[in-house]
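Q: The structure under discussion is supplied below as structure tokens; questions concerning it will follow.
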Amino acid sequence: MITLQEIKKSFLVSLWFMFLTFPIMVIKVNTIEQTIEWRWWWMAAVGLGAFVLSFFWRIAIARKEAGKKKAEVSGEEKIALIPRLMSNPRFYIPGLVATVALVVIFPFVFSMYQTNILITALIYVVVGLGLNIVVGLAGLLDLGYVAFYAVGAYSYALLNYHFGVTFWMALPIGALLAFLFGIMLGFPVLRLRGDYLAIVTLGFGEIIRLVLENWNAFSFGPSGIANIPKPGLFGLKLSLQQSSIFIYFVMIGLALMTIFVVRRLQDSRIGRAWIALREDEVACQAMGIDKTRTKLSAFAMGATWAGMGGVVFAAKTTFINPTSFTIWESVIILCVVVLGGMGSILGVIIGALVLILLPEYLRAFSEYRMLVFGALLVMMMVFRPGGIVSGVRRIYKFEGLQNKVDS
Amino acid sequence: MKPVLDVNQLTMDFGGLRALDHIDLQVHPGEIVALIGPNGAGKTTFFNCITGIYAPTKGDMFLTRPQGEPKRLNGLKPNRVTERGMARTFQNIRLFQNMTVLENVMIGRHCRLHTGIPGAIFRPPASRREEKEVVADSYAMLEKIGLTRYVNEFAKNLPYGAQRRLEIARALATEPFLLLLDEPAAGMNAQETKALDELILRLRSDMKVSILLIEHDMKLVMSLSDRIYVVDYGKKIAEGNPEEIKSNPAVIKAYLGEDIDA
């Protein structure tokens, strides 16, 4: 495995790095005493670090290539660990029980801070599953997805401000409005795909944000809307902590509903049409699938979940303004889908938890937080381009099918 | 009896280039008709026009279901054309690569099913029944075409010949009465071509479909076809049964070129 050549290559990399970082890492000008310090031991550290990292990188890549070759030779695709565990009742039943138990007791055991970041992560689970319909299943790269999230959040905030609409009323209304906006965005982009679609949706997202920022009379501009009520529970007075716990369970319910609906859609005539659209648009139409309707339904169904997520977001933070709905937000949601595994429900859930919780727990690294996060993303995409859990196609069993048809 | 497909004076211009020039073509019920011509003659353009992928510049196209009235095809979207009963395969295979073989055929059934979004979410008995039927029907189709052993394989992992047959199975799943095959034997070896020959004849006798095919393999064309149309540079240069085409001087000229002294 470890050949002399690889050591040589890593050595060259480390030399190169020492040379590159020489001016900033080694030379230090002391401006008070007008002297130059030569920090040679810094150079040694850079050299050693680059050597070790490059060496391990090489080994990891080599192992990955070897694994791929082996799979090609044996002619069968290795089923990944997680789906294999999922299909084995001896593992997934205790796993499921443990997860349910953890989910139920979580807000009572851990602090309010922990509960709150988990609520945020759960919002991203719902929104990510929505985007998964658009990007993962239908293959339409949507970079303006946050617009629908904003539609949901603002519909609750504004309806509540003007008409005193409650959270439970706003949830379906926000979903419906986002659904309609999804169709509205769908129409102009019907002819587009790939890069062009990405750019137009990006523009759409920015339009919504800019409108919210500048139309003071409508949305109160950059100052946003404050004092949005948290969801009520039969008119009970809830303390701050209680209401966090309540939102947490609302979010769990919403996430479960999303999983249920997305699963069913995926396994249906509509879901198959979405995937066919992703695979080949021309063939899809030639096989009798209405491209217009299929695309619009994907946009609309995806947007609906973003709308609901937005309503909960507004209720949770009690204050919204346009800065919560920038392009960065769309990128994070897209990362959730891609990192988790396009077209895979479990993948998107894990992706959302990792992407939202990890930066929180990495706060210990303070300013290096985003660096570590970025490095993890890059490594993930190099070593597991399919995402954490890649989508699996359903297997149909046909033993005794003939008899069933005859009888 | 009325022809299942009746194309009159079909013309297609791409900018200044006339790809199809006043083409007439008929396919009668139960017929196997071949459309041949040198590369770039406009054969695939012809398919794309009648299936609604391109909007022709001029001309009329009518599709007649057996015992039905002629329906005009002009201006219909590809999916509507397929709904009307004309399905096609592609010259360069266009399967849904990352779907299983069974799912590919299930997509073919799409336009004959009705479950919408509410049906998909709530799964009323009608949707459940429909879903069971589509799986059974698609499997039965794979049995007919002989692809059952690949049923849960990804389409992209199939051998080449099987991919071609899967395209045919997928097209047949839409319940067509006219099947358009765009170079079905391209890239096949002699043995696979022979199996294809038998398959096409079997489709006509068992499933009562008429067939219009584009093909370069002359042996296959001559043995299968009832009638042959020859196009060159977008114009129809000959029409007739295989014997007539073989001895037609215009066809020989188009394929072999003119003598230098002529």
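Q: Have a look at A:Val282, A:Val261, B:Pro3 and report the one farthest towards the positive end of the charge dipole of the protein assembly as shown, computed about the Cα centre with Cβ charges (Lys/Arg +1, Asp/Glu -1).
A: A:Val261
Q: Explain nothing, just the number: dipole magnitude of the protein assembly as shown about its Cα centre with +1 on each Lys and Arg Cβ and -1 on each Asp and Glu Cβ, in debye rounded to the nearest 20. Write out the running numbers ahead of the final one.
A: Working: 68 positive and 54 negative charges, 375 e Å.
Dipole of the protein assembly as shown, to the nearest 20 debye: 1800 debye.
Q: Compare the Cα positions of B:Val134, B:Gln91, B:Leu220 along the charge dipole of chain B (+1 at Cβ of Lys, Arg; -1 at Cβ of Asp, Glu; about the Cα centre) and return the one farthest towards the positive end.
A: Positive-most Cα among the choices belongs to B:Val134.
Q: Taking every DSSP beta bridge that has both residues in the protein assembly as shown, what percent is antiparallel when rounded to the nearest 5? Let's see the in-between values first.
A: Working: 26 of 42 bridges.
Roughly 60 percent of the DSSP beta bridges within the protein assembly as shown come out antiparallel.
Q: Within chain A, which DSSP H helices have Cα atoms that stretch 27 Å or more along the helix axis and a mean Kyte-Doolittle hydropathy of at least 0.0? Don't skip to the answer; put the middle values down first.
A: Details: long enough: A:40-74 (51 Å, 0.40); A:89-109 (29 Å, 1.80); A:112-131 (28 Å, 1.66); A:167-186 (28 Å, 2.09); A:194-214 (30 Å, 0.95); A:240-266 (38 Å, 1.34); A:291-317 (39 Å, 0.37).
Flagged H segments are A:40-74, A:89-109, A:112-131, A:167-186, A:194-214, A:240-266, A:291-317.
Q: Subtract the Cα-Cα distance of A:Thr292 and A:Arg193 from 0.36 nm times their separation in residues, and report this length gain in nm to one decimal.
A: Numbers: separation 99, 0.36 × 99 = 35.64 nm, distance 1.28 nm.
Once the chain is fully extended between A:Thr292 and A:Arg193, it gains 34.4 nm.
Q: Then there is this: Hey, which aspartates and glutamates would be in cross-link range of A:Lys64, C-alpha to C-alpha under 19 Å, not counting anything within fewer than 8 residues on its own chain?
A: Here the aspartates and glutamates satisfying the reach criterion relative to A:Lys64 are A:Glu6, A:Glu72, A:Glu76, A:Glu77.
Q: While we're on this one: Please compute the volume of the convex hull spanned by the alpha-carbon atoms of segment B:99-174 and report it per residue in Å³.
A: Values: hull volume 6.1 nm³, N = 76.
Expressed per residue, the convex hull around the Cα atoms of segment B:99-174 is 80 Å³.
Q: Students often check this: by mean Cβ neighbours within 10 Å, which of A:125-133, A:42-50 ranks highest, and how do the rest follow? Don't jump to the answer; show the numbers that get you there.
A: Values: A:125-133: 29.1, A:42-50: 16.0.
Those peptides, ordered most packed to least, come out A:125-133, A:42-50.
Q: Contour minus end-to-end for A:Leu96 and A:Val282, with contour as 0.36 nm per residue of separation and end-to-end as the Cα-Cα distance? Write out the running numbers ahead of the final one.
A: Working: separation 186, 0.36 × 186 = 66.96 nm, distance 4.17 nm.
Here the answer is 62.8 nm.
Q: Translational D (Stokes-Einstein, µm²/s) of segment A:91-181 at 20 °C and 1.002 mPa s when Rh comes from the Kirkwood sum over C-alpha pairs? Before the final figure, lay out the partial values.
A: Working: Rh = 15.7 Å.
In µm²/s, the coefficient is 137.
Q: In what order, largest first, do B:Tyr233, A:Tyr124 sit by accessible area if the probe radius is 1.4 Å?
A: On the way: B:Tyr233 180, A:Tyr124 25 Å².
Of B:Tyr233, A:Tyr124, the descending order of accessible area is B:Tyr233, A:Tyr124.
Q: Continuing with this model, one more query. What whole-number volume per residue, in cubic angstrom, does the convex hull of the C-alpha atoms of chain A give?
A: On the way: hull volume 99.2 nm³, N = 407.
Spread over its residues, the Cα hull of chain A gives 244 Å³ apiece.
Q: Moving on. Rounded to the nearest 5, what % of DSSP beta bridges with both residues in segment B:71-220 are antiparallel? All intermediate terms of the calculation are to be shown ahead of the outcome.
A: Working: 1 of 9 bridges.
Rounded to the nearest five, the antiparallel share is 10 percent.
Q: When the dipole is taken about the Cα centre of chain B, and only Lys, Arg (+1) and Asp, Glu (-1) are charged at their Cβ, what size is it in debye, to the nearest 20? Walk me through the numbers before you get to the answer.
A: Details: 34 positive and 33 negative charges, 221 e Å.
Here the size comes out at about 1060 debye.
Q: Sticking with this one: Taking A:Lys295 as the anchor, which lysines have their alpha carbon closer than 28 Å to its alpha carbon, excluding any fewer than eight residues away along the same chain?
A: Hits, sequence-local ones excluded: B:Lys71, B:Lys77, B:Lys132, B:Lys156.
Q: Of all GluC sites (Glu not before Pro) in segment A:1-74, which ones are in loop regions per DSSP and have a Cβ with at most 13 other Cβ atoms within 10 Å? The partial results should precede the final answer.
A: Details: sites: A:Glu6, A:Glu33, A:Glu37, A:Glu65, A:Glu72; in loops: A:Glu33.
Passing sites in segment A:1-74 are A:Glu33.
Q: Related question: Give the calculated FRET efficiency between B:His28 and B:Ala250 to the nearest 0.05, with a Förster radius of 30 Å applied to their Cβ-Cβ distance. Numbers along the way, then the final one.
A: Working: r = 24 Å, r/R0 = 0.78.
With a Förster radius of 30 Å, E is 0.80.
Q: Compute the length gained on full extension between A:Leu233 and A:Lys8: take 0.36 nm times their separation in residues and subtract their Cα-Cα distance, giving the result in nm to one decimal. Present the calculation step by step, with values, prior to reporting the outcome.
A: On the way: separation 225, 0.36 × 225 = 81.00 nm, distance 6.70 nm.
Taking A:Leu233 through A:Lys8 to full extension adds about 74.3 nm, to one decimal.
Q: By accessible area of protein heavy atoms, probe 1.4 Å, what ranking do B:Lys144, A:Lys64, B:Lys132, A:Lys8 get, highest first?
A: Sorted by accessible area, descending: B:Lys132, A:Lys8, B:Lys144, A:Lys64.
Q: Here's another thing I want to ask about it. With just the Cα atoms defining each centre, how far is segment B:230-247 from segment A:234-251? Give it in Å.
A: Centre-to-centre (Cα) distance: 79 Å.
Q: How much accessible surface area, in Å² rounded to 10, belongs to the heavy atoms of A:Cys335 with a 1.4 Å probe?
A: That residue has around 40 Å² of solvent-accessible surface.
Q: What aspartates and glutamates could a cross-link reach from B:Lys253, if we take a straight Cα to Cα line under 14 Å and drop same-chain neighbours fewer than 8 places away?
A: B:Asp232, B:Asp261
Q: Here's something else I'd like to know. How high is the FRET efficiency between A:Trp40 and B:Arg149 when r is their beta carbon distance and R₀ equals 51 Å, given to the nearest 0.05? Walk me through the intermediate numbers first.
A: On the way: r = 68 Å, r/R0 = 1.34.
The calculated FRET efficiency here is 0.15.
Q: Next question, about the same structure. Measure off 7 Å from each Cα along the Cα-to-Cβ vector at B:Asn92 and B:Lys58, then give the distance between these two points in nanometres to one decimal.
A: My value for the distance between the label points is 3.2 nm.
Q: Rounded to the nearest 10 Å², what accessible area does A:Ser390 have for a 1.4 Å probe in the complete protein model?
A: Spelled out: A:Ser390, probe radius 1.4 Å, area about 50 Å².
Q: Have a look at A:Thr115, A:Leu362, A:Leu233 and report the one farthest towards the positive end of the charge dipole of segment A:115-383, computed about the Cα centre with Cβ charges (Lys/Arg +1, Asp/Glu -1).
A: Positive-most Cα among the choices belongs to A:Leu233.
Q: Along the Cα-to-Cβ line of A:Phe106, 7 Å from the Cα, sits a label point; which residues in segment A:312-343 have backbone N less than 19 Å from it?
A: Output list for this probe position: A:312-317, A:333, A:336-337, A:340-341.
Q: To the nearest 20 Debye, how big is the dipole of segment A:115-383 about its Cα centre, given +1 on the beta carbon of each Lys and Arg and -1 on that of each Asp and Glu? Mind showing how you got there, number by number?
A: Working: 16 positive and 12 negative charges, 101 e Å.
Dipole magnitude for segment A:115-383 comes out near 480 debye.
Q: Still on this model: Place a point 7 Å from Cα of B:Arg18 in the direction of its Cβ. Which residues in segment B:209-241 have their backbone N less than 12 Å from it?
A: B:233-236
Q: A further question follows. Can you give the mean number of other chain Cβ atoms that lie within 10 Å of the Cβ atoms in peptide B:120-130?
A: Values: counts 11, 9, 2, 3, 0, 0, 0, 3, 0, 0, 2.
Per residue, the number of nearby Cβ atoms from other chains is 3 on average.
Q: Ratio of Rg to Rh for chain B, alpha carbon only, Kirkwood?
A: Numbers: Rg = 19.3 Å, Rh = 19.4 Å.
That ratio is 1.00, to two decimals.
Q: Take the Cα atoms of segment A:4-74, build their convex hull, and give its volume per residue in Å³. Let's see the in-between values first.
A: On the way: hull volume 5.6 nm³, N = 71.
So the per-residue Cα hull volume is 79 Å³.
Q: For segment A:265-407, what Kirkwood radius comes out of the mean inverse Cα-Cα distance, in Å?
A: Over segment A:265-407, the inverse of the mean reciprocal pair distance is 18.4 Å.
Q: Round to the nearest 10 and report in Å² the accessible area of A:Val200, as given by a 1.4 Å probe over the protein chains' heavy atoms.
A: A:Val200 has an accessible surface of roughly 60 Å² with all protein chains in place.
Q: Whole percent per 5 Å bin, from 0 to the bin with the longest distance: what is P(r) over all C-alpha pairs of segment B:10-88?
A: Values per bin, smallest distances first: 3, 14, 25, 26, 20, 9, 3, 1, 0.
Q: Another question, then. Using a 1.4 angstrom probe on the protein heavy atoms only, could you order A:Lys9, A:Lys295, B:Lys219 from most to least accessible area? Write down the numbers at each step before the final one.
A: Working: A:Lys9 100, A:Lys295 0, B:Lys219 170 Å².
Largest accessible area first, the list is B:Lys219, A:Lys9, A:Lys295.
The values are calculated or read from the model by the stated rules, or taken from the named source; none is laboratory data. As the structure is a prediction and not an experimental result, all values here were calculated from the model. Here Cβ is always computed from backbone atoms with ideal geometry, including for glycine, and neighbour counts include all displayed protein chains. Calculation scope for accessible area: heavy atoms of the full protein, side chains included, ligands and nucleic acids excluded. Shrake-Rupley method; radii C 1.70, N 1.55, O 1.52, S 1.80 Å.
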